[in-house]
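Here the structure comes first, spelled out in structure tokens, and everything after it is commentary.
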Amino acid sequence: MLTLGLRLTAAVAIIVAVSSTLGAQWPSYPTPDVPRKDGKPVLDAPTPRTADGKVDFSGIWMRAGGGGGGRGRAAGAPPPPTTTPDGIPLSTFGEVAGRGYPLPMTPWAAELKKKRMANNQKDNPDVWCLPIGLMQYHNHPQPRQIVQTKNLMLITYESNYGLRYIYMDGRPAPNNDPTPWWFGYSRGWYEGNDTLVVETTNFLGDERAGWLDVNGSPYSDALKMTERFRRPNFGTLEIDITIDDAKAYTKPFTVRVNQRIMVDQEMIEFICNENERSTHHIEAPEWKQPAAAPTK
């Protein structure tokens, strides 16, 4: 019998395979405004920009390779890098900073991750059709689409049909004791014309929500996540993410996520609870258990 962790891995592989098959059922329609040569996209073409000269991050993006695994490598080929040339760990779906990087966890975080892994990660929000956290969304094999306007950026995630708002109108972080969000509260601004900085706070960071990766590296409601988006050419997206969470980590740390553009394809509707049967066969986490009857 497969462990739950292996079943989850197999499920992800099936989703990716099915997504590719379903994509073939849609009419083929070329993505507008893509630089091409002999009909093929030129991925190293210049970076697209908005009317005021800022980088335009719009497009459908797929996670690119980076660190932590060698699946699909040719025999004898060198292993993929686990860091950028300047030493930033390359993030993975399984481990937020890649395997082998010692996260500076507090005792509380280390104990919680140990508990999650002992349970075969069955309490991951992804198992229960809930939002999976921004780092898991960044690293998920299913794509995401960025829609950029002057005052608002939207990121739609095919996985679990997630939707994230990034406010670009200069507003500050909320300070009126706001309700925490699964996706946090994100504000973005440009440094120069090439780097978009996004700061996100006000996360829902309880044991149900706070998963940075599949292996359960935690975050709390104290998390401040700072992302630096760069698009060095048409087809490449680089995101450096700094995790600053004094409840879970003794010091901030930064990781890199690389993504690549997808053209001539569309996002696929993903309704996680539609015909969902898997959770009937596993024990529900504590937060999903029925509330105890009041004592008389």
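Before moving on, here are some points about what is shown:
- Tally, over the range 245-283, of residues that are without any contact (Cβ under 8 Å) to a residue 40 or more places away in the chain, over 21 Å from LEU112 (Cα atoms), assigned to a loop (DSSP other than H, G, I, E, B) and not charged (D, E, K, R): 1
- Test for ALA248: is it surrounded by 14 or more Cβ atoms within 10 Å (Cβ to Cβ), in contact with an Asp or Glu (Cβ under 7 Å, 6 or more places away or on another chain) and on the phi < 0 side of the Ramachandran plot: no
- Some residue of the range 101-109 being under 13 Å from ASN215 (Cα atoms), at pLDDT 95 or above and not in a loop (DSSP other than H, G, I, E, B): yes
- Extreme residue, farthest from ARG228 (Cα to Cα), among residues of the range 137-190 that are of a type in the set (Phe, Trp, Tyr) and touching a residue at least 40 places away in the same chain (Cβ under 8 Å): TYR161
- All conditions in (1) free of Cβ contacts under 8 Å to residues at least 12 places away in the same chain; (2) closer than 30 Å to LYS40 by Cβ hold for LEU237, with the sole exception of (1).
- Verdict on THR47 being modelled with pLDDT under 95, assigned to a loop (DSSP other than H, G, I, E, B), of a type in the set (Val, Ile, Thr) and over 16 Å from GLY216 (Cβ atoms): no
- Within the range 143-175, considering residues that are among the basic types (Lys, Arg) and part of a strand (DSSP E or B), the one nearest to GLN259 (Cα to Cα): ARG144
- From ARG208, ARG187, residue being in a loop (DSSP other than H, G, I, E, B) and over 14 Å from the mean Cα position of the chain (by Cα): ARG208
- Condition check for ARG116: more than 23 Å from LEU196 (Cβ to Cβ) and buried (at least 16 other Cβ atoms within 10 Å of the Cβ): yes
The values are calculated or read from the model by the stated rules, or taken from the named source; none is laboratory data. Since this is a predicted model, take the numbers as computed values, not measurements. Heads up, the Cβs are rebuilt from the backbone with ideal geometry, glycines too, and the neighbour counts pull from every protein chain shown.
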